[in-house]
Amino acid sequence: MKIRLPKIVWVNIGLLVLFLFVLILPGEGGLSSFFRGGKPLGYSDQRAGIQLQNAFRNVYNSVKDSVVSIRTKKTEAITSPYQYFDYRTEKLSSFGSGFLIHEKGYVVTNFHVISDAESIEVIASDGSVYPAKFVGSHERADIALLKIKEGSGLKPVSFGDSDKIEVGDWAIAIGSPFGLERSFSVGVVSAKYREDLDETGQTHIQTDSMINPGSSGGPLLNIYGEVIGINRLIRSDSGRNTGIGFAIPMNYAKKIIQLIEENKGRIIRPATLGVMATVPLPDHRKALGIPTDWKGVLVYDMDAGSSAESSGLKRYDFIMEANGVQVKNINDLREQVGIVGLGGRLKLRIYREKNLEELTVRLIQK
């Protein structure tokens, strides 16, 4: 029995055969030539761009096995909006970032990433998951130290000198924004010493690298693959990146990490000195005999019962150093108070009634 196909079917079959013939036809007459074409721009045209591209690849490859995702879980009560006393508890997960700083398994992240967590897990670049132990944290500096088992295969990072960065330097962020692990973004250092962004009073590196929720705790890198900062926060009305991100300078962070290591198992809480102080005017210097080339801040008042008053600090004391660090302005003093934290001791070098003295202040209140 002969099968008769409609004419439209034969037309379609013919068009299909013609299309396939044209597609595989060799030479310039076939569509295959479109898939065999060379690059629109050659290496000689794009030499500088290719070298820069390779530089970014090198940075990523050098640190991808150092950066981790941090998953925390905590129990929260979920309340029904429609019925009183109708609630249940659920274990909620949240994500942040971190990086390995020592081959013994020490991992750094932000304090707010692991705050109130009931369990903490570190996820490595190969997908391995390790339970993490809380070592200690500094609440005001927003830095926490964790520990996982040795031999995880992770590689410790290298540190750069955050004091030597300049505006316009490459700034490379790696982290887990929105849980997307080891996301890599490139920007520049937008500003070196941003102050008074929040209650910590500490300085930050500003960058336009893409920092988003989940990026917190990840490293900010220079073009050499060295860590120059710990990504911490963004400035945005929407809660999403608008090109204004901030990182804790690594030189400052290293001091905090050392302090945390010395106070294992403890959350170092914020403290205040309780003084009102300012850089003295020329008239103040003349009246108190303070040499014009000396740097420091002059105490002009203090809170009753404060750490300063309880430790013997007085009005018109000229504070020159705090814990061996020169105090050039009130932010320098505030930073040293923040580093020491509640219950710590702040060693001051002061000029009082034309005499240099040493004074130790115990930080007794928040």
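For segment 103-200, list the strands (runs of 3 or more DSSP E) that sit wholly inside it and hold at least 1 residues that are hydrophobic (A, V, I, L, M, F, W, C), closer than 30 Å to Val340 by Cβ and within 18 Å of the chain's Cα centre (by Cα); which are they? Write out each step before concluding.
Details: elements: 106-109, 119-123, 129-131, 133-138, 143-147, 170-175, 183-194.
Per the criteria, 106-109, 119-123, 143-147, 170-175, 183-194.
Checking Thr292 against (1) within 30 Å of Arg194 (Cα to Cα); (2) open to solvent by less than 80 Å² (accessible area, probe 1.4 Å); (3) touching a Lys or Arg at 6+ places or on another chain (Cβ under 7 Å), only one condition comes out false. Which one? Every condition holds for Thr292 apart from (2).
For residues in segment 272-289 being open to solvent by 40 Å² or more (accessible area, probe 1.4 Å) and within 23 Å of Ile339 (Cβ to Cβ), which is nearest to the chain's Cα centre (by Cα)? In this case the residue turns out to be Thr272. Evaluated against (1) on the phi > 0 side of the Ramachandran plot; (2) of a type outside the set (Ser, Thr, Tyr); (3) open to solvent by 10 Å² or more (accessible area, probe 1.4 Å), Asn251 falls short on exactly one condition, (1). For Gly225, the conditions (1) open to solvent by 20 Å² or more (accessible area, probe 1.4 Å); (2) part of a loop (DSSP other than H, G, I, E, B); (3) closer than 23 Å to Gly160 by Cβ all hold with the exception of (1). Among the residues of segment 107-154, the ones that are crowded, with 20+ Cβ neighbours inside 10 Å and of a type in the set (Lys, Arg) come to 1 in all.
For (1) within 21 Å of Leu221 (Cα to Cα); (2) of a type outside the set (Lys, Arg); (3) modelled with pLDDT of 95 or more; (4) touching a Pro at 6+ places or on another chain (Cβ under 6 Å), each residue gets a yes or a no:
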| position | (1), (2), (3), (4) |
| --- | --- |
| Ser32 | no, yes, no, no |
| Ser44 | no, yes, no, no |
| Val68 | yes, yes, yes, no |
| Ala77 | no, yes, no, no |
| Lys91 | no, no, no, no |
| Ser128 | no, yes, no, no |
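Tell me which residues, restricted to segment 264-304, are of a type in the set (Gly, Ala, Ser) and touching a residue at least 40 places away in the same chain (Cβ under 8 Å). Steps first, answer last, please.
As a first pass, look at segment 264-304 and keep what is of a type in the set (Gly, Ala, Ser): 265, 271, 274, 277, 287, 289, 296, 304.
Gly265, Ala271, Gly274, Ala277, Gly289, Gly296, listed by residue number.
Would it be correct to say that Ser215 is free of Cβ contacts under 8 Å to residues at least 12 places away in the same chain and open to solvent by less than 40 Å² (accessible area, probe 1.4 Å)?
On the way: free of Cβ contacts under 8 Å to residues at least 12 places away in the same chain: no; open to solvent by less than 40 Å² (accessible area, probe 1.4 Å): yes.
No, not satisfied.
Residues of segment 313-325 being open to solvent by 30 Å² or more (accessible area, probe 1.4 Å) and closer than 22 Å to Lys354 by Cβ, which ones? Matches in segment 313-325: Lys314, Arg315, Tyr316, Glu321. Looking at Ile248, is it outside the structural domain of Gly98 (by the TED database), out of contact with any Lys or Arg (no Cβ under 8 Å at 6 or more places or on another chain) and assigned to a strand (DSSP E or B)? Spelling it out, it is not the case that Ile248 is outside the structural domain of Gly98 (by the TED database), out of contact with any Lys or Arg (no Cβ under 8 Å at 6 or more places or on another chain) and assigned to a strand (DSSP E or B). Of the listed requirements (1) modelled with pLDDT of 95 or more; (2) crowded, with 23+ Cβ neighbours inside 10 Å; (3) in contact with a Pro (Cβ under 8 Å, 6 or more places away or on another chain), Val157 misses just one: (2).
The values are calculated or read from the model by the stated rules, or taken from the named source; none is laboratory data. Note that the coordinates shown come from a computational prediction; the quantities given were computed from them, not determined experimentally. We place every Cβ from the backbone using ideal geometry, glycine too, and count neighbours over all the protein chains shown. Surface accessibility is based on the protein's heavy atoms, side chains included, excluding ligands, DNA and RNA. Shrake-Rupley method; radii C 1.70, N 1.55, O 1.52, S 1.80 Å.
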